[in-house]
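**Student:** Here it is, the structure in full.
The values are calculated or read from the model by the stated rules, or taken from the named source; none is laboratory data. In this text the structure is predicted, and so the values were computed from the model without any measurement. With ideal geometry, Cβ positions are generated from the backbone for all residues, glycine too; neighbour counts draw on all protein chains shown. These area figures cover heavy atoms from the full protein model, side chains too; ligands, DNA and RNA do not enter into them. Shrake-Rupley method; radii C 1.70, N 1.55, O 1.52, S 1.80 Å.
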Amino acid sequence: MRVVIKVGTSTLTYPTGNLNIHRVEKLCKVISDIKNAGNEVILVTSGATGMGVGKIGLLKRPDDMPTKQAMAAIGQCELMYTYDKLFSEYNHVVAQVLVTKSDIDNEKHRRNFNNTLTRLLELNVIPIINENDSVATEEFFIGENDSLAAIIAVNIKADLVILLTDIDGLYTSDPRSDKNAKLISEVTEITPEILAVAGGSNSKFGTGGMITKVNAAKIAMEAGCDLIVASGADPDVLYDIVDGKNVGTRFVSGGAVK
Ligand code: GLU
């Protein structure tokens, strides 16, 4: 199975911006094991800005562009250093690939990017991808890695996208405020109802990032690729997903064009 796994900042770091060492170590161990079992893994990672903030010791995430981009530049190093060190422990080689929107939009750039990824996979390397936050300008910004993970999956014809986040999946309402909220285990179509429960831009729930996940699911489903949203709190969840168990919310593509 060729799988794209995306991890969010909230999975990788504490609210302080510092690394959640236990979780990241486990994540790298489980991904290494899944790879040893014969799967191809592409990791899409957030966390650069958050880790930069933590490393420099700022009290909050900056609002201005130059500081944000500086934090991303600092944090991206730290992020890759950590992955390189941890995956090396399990004899896996990693490669950093940073992309901007123009690399996705421009056909020639996209072809080069796909060729690089394909070659890295042939070389048995784990590509680790993030947006190139320190150079991306506002008009050429993807801005979130959920869609980026789906776009990459579609381009390299992955079998599955897994978005690991801080919630078990898509709920009928916000489980943090509604105890009757129920997990939706399967979505076969992105209907207005599904978009509504994911929350629009004015929804508190939406700021948890569910709307970007549903948008990513749409991109994947339209290309015939399934996408799962699951909690990254315990990376062992990846074993269950790869084994085909019912975990989180599965957005089912129906096996359309691939
Ligand atoms: N590329 C951003 C970072 O590494 C994160 C984007 C996202 O959270 O989806 O900080």
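**Student:** Taking the condition within 14 Å of the ligand (Cβ to nearest atom) and modelled with pLDDT of 95 or more, does Thr49 pass?
**Tutor:** For Thr49, the condition - within 14 Å of the ligand (Cβ to nearest atom) and modelled with pLDDT of 95 or more - is not met.
**Student:** Something else: How many residues does the stretch 32-76 contain that are touching a helix residue (DSSP H, G or I) at 6+ places or on another chain (Cβ under 8 Å), farther than 28 Å from Ile156 by Cβ and loosely packed, with under 15 Cβ neighbours inside 10 Å?
**Tutor:** So the answer is 5.
**Student:** Restricting to the stretch 1-52, name every residue that is more than 17 Å from Ala95 (Cβ to Cβ), among the β-branched types (Val, Ile, Thr) and in a helix (DSSP H, G or I).
**Tutor:** Within the stretch 1-52, Thr9, Thr11, Ile21, Val24, Val30, Ile34, Thr49 qualify.
**Student:** Which residues, counting only those in the stretch 1-23, are within 14 Å of the ligand (Cβ to nearest atom) and either open to solvent by 50 Å² or more (accessible area, probe 1.4 Å) or on the phi < 0 side of the Ramachandran plot (or both)?
**Tutor:** Of everything in the stretch 1-23, those that are within 14 Å of the ligand (Cβ to nearest atom) and either open to solvent by 50 Å² or more (accessible area, probe 1.4 Å) or on the phi < 0 side of the Ramachandran plot (or both) turn out to be Val4, Ile5, Lys6, Val7, Gly8, Thr9, Ser10, Thr11, Leu12, Thr13, Leu19.
**Student:** Being more than 27 Å from Ala196 (Cα to Cα) and within 12 Å of the ligand (Cβ to nearest atom) narrows it down to one of Ala136, Ala158, so name that one.
**Tutor:** Of Ala136, Ala158, the one residue that is more than 27 Å from Ala196 (Cα to Cα) and within 12 Å of the ligand (Cβ to nearest atom) is Ala136.
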